[in-house]
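Written below as structure tokens is the structure these notes are about.
None of the figures in this text is laboratory data; all of them are computed from the coordinates on show. Fair warning: this is a prediction, and the values are worked out from it, not measured in the lab. Cβ coordinates were reconstructed from backbone atoms using ideal geometry, including for glycine residues, and neighbour counts include every protein chain displayed.
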Amino acid sequence: MEAWLGLIGALAGTAIGGLVTYKVANQQHGHERRTEKERRLIAAYESIHDLLATISGQASTLNLGVLGAVGFNSPIKGNLLTEKVQLNRLHMLTDFYAPTLAPDVKAISDQFVIVSRTVGETMLQKQQTDEWRSEMAKTAVFASAELTKLVQSAQAKLAELARSVVAS
């Protein structure tokens, strides 16, 4: 009978030890998954923030090109932007990681289109009257300023999202 008690005790101890080990490993694995998810989210938020800043800077550069063309007859050069405008990447990252920013990014894209259209019209317009120049300058300045405000607002919302991830 004592042999059976020893065997039962050994089996019970093994089962309890296995259960405890399983629980600890499961909790650790869950913690590692949450940490990795947070790390990916923060990296995506950083990329979105950088893209927003880059796009705002590109709009300002285009705006300066228009102002130079209409104010000083300085032609807009085709290589005005040194890097590709990444609105599609911004939309993708926003859709995947920050869908609450989708309306902001749409508004930013719409303003960027206005700035780009102004650049195109300025480059193609042969007969530039003073009234036309004034209208182009006004359009470029207002679109660029609105885009800058939209970017700042989106970045503030993005910072709030990042803080909520870090705080959890």
_Give me a comma-separated list of calculated 3J(HN,Hα) values for the range 68-75, in order, Karplus coefficients 6.51, -1.76, 1.60 applied at θ = phi - 60°, integers in Hz, x for any Gly or Pro._
x, 6, 7, x, 10, 6, 8, x
_Can you give me the distance in nm between label points at Ser74 and Glu121, each placed 7 Å from the Cα along the Cα-to-Cβ direction?_
2.2
*Cα centroid distance between the range 45-62 and the range 12-31, in Å?*
48
*Sort Asp104, Asp110, Asp130 so the one with the fewest other Cβ atoms within 10 Å of its own Cβ comes first.*
Asp130, Asp110, Asp104
*asked:* Using Cβ contacts closer than 10 Å as the measure, can you line up Tyr45, Tyr97, Tyr22 from fewest to most?
replied: Tyr22, Tyr97, Tyr45
*asked:* Among (i) 110; (ii) 131; (iii) 161, only one was calculated for this model; which label is it, if the read-out is volume of the Cα convex hull per residue in Å³?
replied: (i)
*Set the Förster radius R0 to 41 Å, insert the Cβ-Cβ distance between Lys138 and Asn26 as r into 1/(1 + (r/R0)^6), and round the FRET efficiency to 0.05.*
0.05
*How far is it, in nm, from the label point at Arg40 to the one at Ala10 when both lie 7 Å from their Cα along the line to the Cβ?*
4.6
*What spacing in nm lies between the two simple spin-label points modelled at Thr61 and Ser47, each 7 Å away from Cα in the Cβ direction?*
2.1
_I need the phi-derived Karplus couplings for the range 83-92: 6.51 cos²θ - 1.76 cosθ + 1.60, θ = phi - 60°, integer Hz, Gly and Pro marked x._
9, 5, 6, 10, 5, 5, 5, 4, 4, 4
*Treating cross-link reach as a plain straight distance, find the lysines whose alpha-carbon is under 22 Å from the alpha-carbon of Lys23, omitting any fewer than eight places away in the same chain.*
Lys37
*Pairs Lys106/Lys149; Lys77/Lys126; Lys84/Lys157: which are spaced more than 20 Å apart, C-alpha to C-alpha?*
Lys84/Lys157
